[in-house]
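Report on the structure given below.
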Amino acid sequence: MKLGFILFPNVTQLDFTGPLQLLQRMPDTETFVLAKDKGPLPTDGALTVLPTHSFDEVPQLDMICVPGGFGTADAISDSETLDFVREQGAKAKYVTSVCTGALILGAAGLLKGKNATTHWAYTAQLALCGATYTQGRVVRDGNTFTGGGVTAGIDFALTLIAALHGDDMAQSFQLGFEYNPQPPFNSGHPSTAPTDILTATRPRYDAQQEVTARAIERALKR
């Protein structure tokens, strides 16, 4: 299994480092951490990542995984990045994403007619890509797996491992990583968050939603 994480500047590191930590341990898996250039890549936090390969250095991948982050709109607007996602995704056995990485898949034409999910603040934009939003931490539609926002990447990875290698291996991985979430608050999704918290949180995504929607519309017209 040739597994490639496709990165871009201002990616959210937990979107890919969570799944990476699990998926790279699947049997017979060769992992590529990819970007347009191999130089240091800034995330949208304090961490800088050094990709293992550039786009022109990898073979056809069996699985692509596209994370999200505040650099999503710029990644969609970058023709080289979007073309790479489109070309690899067209032939990959599994097409996957975490968070707003689904919008990159969608802008590349890979979610048309599919059920999918993404970060809760961006779910309406899936319709721009011809996809149908389906609520869930992880949504599978055929060979396409999409995860919700950021921390859903762990659930996403375990779901993939179960699909490829069975429930026993996925549960063993879950135990080995002590993935036993017990959050201090029940505020991780708009359906459970207090109204005042949701009202205060939504505006921080408003401007980026508009920028991302325009980038998707431009990409689909190209």
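Show that you can apply the helix-only estimate: for the chain, add -39,500 (n - 2.57) for every DSSP H stretch of four or more residues, divide by all residues, and state [θ] at 222 nm to the nearest 500.
Numbers: 8 runs with 87 residues, N = 222.
My calculation for the chain gives -12000 deg cm²/dmol from helical runs alone.
Sorted from fewest to most neighbouring beta carbons within 10 Å, what does the list Ile104, Ile76, Ile154, Ile197 look like?
With the sparsest Cβ surroundings first, the list reads Ile197, Ile154, Ile76, Ile104.
Using a/c under 1.5 as the rounded threshold, could you call region 2-221 rounded, prolate or oblate? The axes a ≥ b ≥ c are square roots of the C-alpha gyration tensor eigenvalues, and prolate needs a/b larger than b/c, oblate otherwise.
Working: a/c = 1.40, a/b = 1.04, b/c = 1.34.
Here region 2-221 falls in the rounded category.
Test of understanding: ordering Met169, Met63, Met26 by Cβ neighbours within 10 Å, fewest first, what list do you get? Before the final figure, lay out the partial values.
Values: Met169 16, Met63 23, Met26 19.
Fewest-to-most Cβ neighbours within 10 Å comes out as Met169, Met26, Met63.
Given the convex hull over the Cα atoms of region 61-138, what projected area results after averaging over all orientations, in nm²? Can you show the working numbers first?
Details: hull surface 18.2 nm².
If you wrap the Cα atoms of region 61-138 in a convex hull and average its projections, you get 4.6 nm².
Given an 8 Å cut-off on Cα distances and at least 6 residues of separation, report the relative contact order of the chain as a percent.
Numbers: 440 pairs, mean separation 42.1, N = 222.
Value for the chain: 19 percent.
Most exposed first by the Cβ proxy, i.e. fewest other Cβ within 10 Å, how do Thr17, Thr195, Thr43 rank?
Values: Thr17 17, Thr195 8, Thr43 23.
Fewest-to-most Cβ neighbours within 10 Å comes out as Thr195, Thr17, Thr43.
How large is ³J(HN,Hα) for each residue in region 84-94, as worked out from phi by the Karplus curve 6.51 cos²θ - 1.76 cosθ + 1.60 (θ = phi - 60°), to whole Hz, x for Gly and Pro?
Karplus values, whole Hz, x for Gly and Pro: 5, 4, 4, 5, 5, x, 5, 10, 5, 6, 9.
What is the set of long-range amide H partners of Leu41 at a cut-off below 5 Å, with H atoms built 1.01 Å from backbone N?
It is Val49, Leu50, by chain and number.
Only four residue types carry charge here, +1 at the Cβ of Lys and Arg and -1 at the Cβ of Asp and Glu. Report the dipole size of region 89-208 about the Cα centre in Debye, rounded to the nearest 20.
Working: 8 positive and 7 negative charges, 95 e Å.
Approximately 460 debye in magnitude.
Here, each number is a calculation from the coordinates, and none is a lab measurement. Because the structure is a prediction, the values reported are computed rather than measured. Virtual Cβ from ideal backbone geometry, glycine too; neighbours counted across all protein chains shown.
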